[in-house]
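For reference, the structure is listed below as structure tokens.
What follows is calculated from the coordinates using simple rules that are stated; it is not laboratory data. In this text, all values refer to a predicted model and were calculated from it rather than measured experimentally. Note that we place each Cβ from the backbone using ideal geometry, even for glycine, and neighbour counts take in every protein chain shown.
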Amino acid sequence: MRCSLRERKETNEMLDSFFESISWPMEPPPAYGVFHILFTLIGFAVCGFSAWKLRNVSDKVAGRILFFCGLFLTISEVFKQFFYYFVMMDNRYSWGDFPFQLCSIPMYMCLIAPWLKPGKLQRGMYSFMVLYNLLGGAISFTEPSGLLHGHWFLTLHACIWHMLLVFVGLFICFSKRGGNQKADYWGATWTFIALCGIAFGLNCFVQFGLGESMNMFFVGPGNSPIIVFKQFSEWFGWYINTPIYIFAVCLGAYILFVLIYWIQNKAFPFSNKKAPIS
């Protein structure tokens, strides 16, 4: 049976009241203040230790771990979307907060990848979460303006979310399920470029079709809010900044890949020395 207009209104008011009741305000913690430093140090230590201890689990157990990480991310993201709708946007959906940023992708991949057969597609997703999402999660704590908000829920959500990306990336890396073979970098990078293309299409549709602001993956149309790239956007335009930004992210992922490859294989991926079979 369809809900009546009155029932929908009552449900909406109930949800509005609930989310308003938990919208505890806070003074945004300062970057490199006590909260930021302690959360970062303790979080990285816990993630690193846990990922290392779990590195030898079976593929079945690894799949369950990643799936439940994805499930946690999904539930927390749905909660955040409701929070934005009822508290931050006054019963209006914010397309700018649609979950399709670079750091949103593990929410989808962790739910999908464990069900795939071992092969290029699964390993490509795993490698992407190592080389791009581990990188993005870690960097977000070095420039934490996107993590520290004026509400407890949003601050904790952002910090826990990005720390979980660090755990997922380290877990896949330590278990050698992705990110440590020569083909892994290109599989992850083509995935990143494809996602940038999808994000750009979404941005255009929402901006020109719906008249709303949206800049998924920060590839435009529109200036990037990211430090350094924000200046490039203002100086040269978003269309010049976007390829520079994409190249810079790919370069950062490659540097991380070279580091992982060297640590695990004691050789560089561009050398002729054959890596031991893992």
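Among 145-152, 92-99, 20-27, how do they line up by average Cβ neighbours within 10 Å per residue, starting with the highest?
Highest mean packing first, the order is 145-152, 92-99, 20-27.
Could you tell me whether region 1-112 comes out rounded, prolate or oblate from its Cα gyration tensor? Rule is a ≥ b ≥ c as square roots of the eigenvalues, rounded for a/c under 1.5, then prolate if a/b exceeds b/c, otherwise oblate. Judged from the Cα gyration tensor, region 1-112 comes out oblate (a/c at least 1.5, b/c at or above a/b). Under a Gaussian network description of the chain, with springs only between Cα atoms under 10 Å, the residue in Val78, Val168, Val130 that fluctuates furthest is Val78.
I'm a student and want to see the number: the projected area of the Cα convex hull of region 139-253, averaged over all directions, in nm².
Numbers: hull surface 34.2 nm².
About 8.6 nm², averaged over all directions.
Between rounded, prolate and oblate, where does region 61-161 land on the alpha carbon gyration tensor, with a ≥ b ≥ c its root eigenvalues, rounded for a/c under 1.5, else prolate if a/b exceeds b/c? Because a/c hits 1.5 or more and a/b exceeds b/c, region 61-161 counts as prolate.
By how many nm would the segment from Tyr93 to Glu20 grow when fully extended, if each residue of separation counts as 0.36 nm and the alpha-carbon distance is taken off? Before the final figure, lay out each step's value.
Details: separation 73, 0.36 × 73 = 26.28 nm, distance 1.59 nm.
Between Tyr93 and Glu20, full extension yields an extra 24.7 nm.
How much mean residue ellipticity at 222 nm does the chain get from its helices, if each DSSP H run of length 4 or more adds -39500 (n - 2.57) and you divide by all residues, to the nearest 500 deg cm²/dmol?
So the helix-based figure for the chain works out to -20000 deg cm²/dmol.
Amide H to amide H, with H built 1.01 Å from N, His151 comes under 5 Å of Met26, counting only residues 5 or more places away or on other chains. Based on the alpha-carbon gyration tensor of region 99-204 and its eigenvalue square roots a ≥ b ≥ c, which shape applies: rounded if a/c is under 1.5, prolate if not and a/b is larger than b/c, or oblate? Here region 99-204 falls in the prolate category. For the chain, modelled as a GNM whose springs connect Cα atoms under 10 angstrom apart, the maximal fluctuation among Asn91, Asn12, Asn56 occurs at Asn12.
Listed by number, the DSSP H helices of the chain that run 20 Å or longer by alpha-carbon position along their axis and have mean Kyte hydropathy of at least -1.0 are 34-53, 59-83, 152-174, 182-204, 238-265.
Both the radius of gyration and Dmax for the chain are 20.2, 71 Å, in that order, over alpha-carbon atoms.
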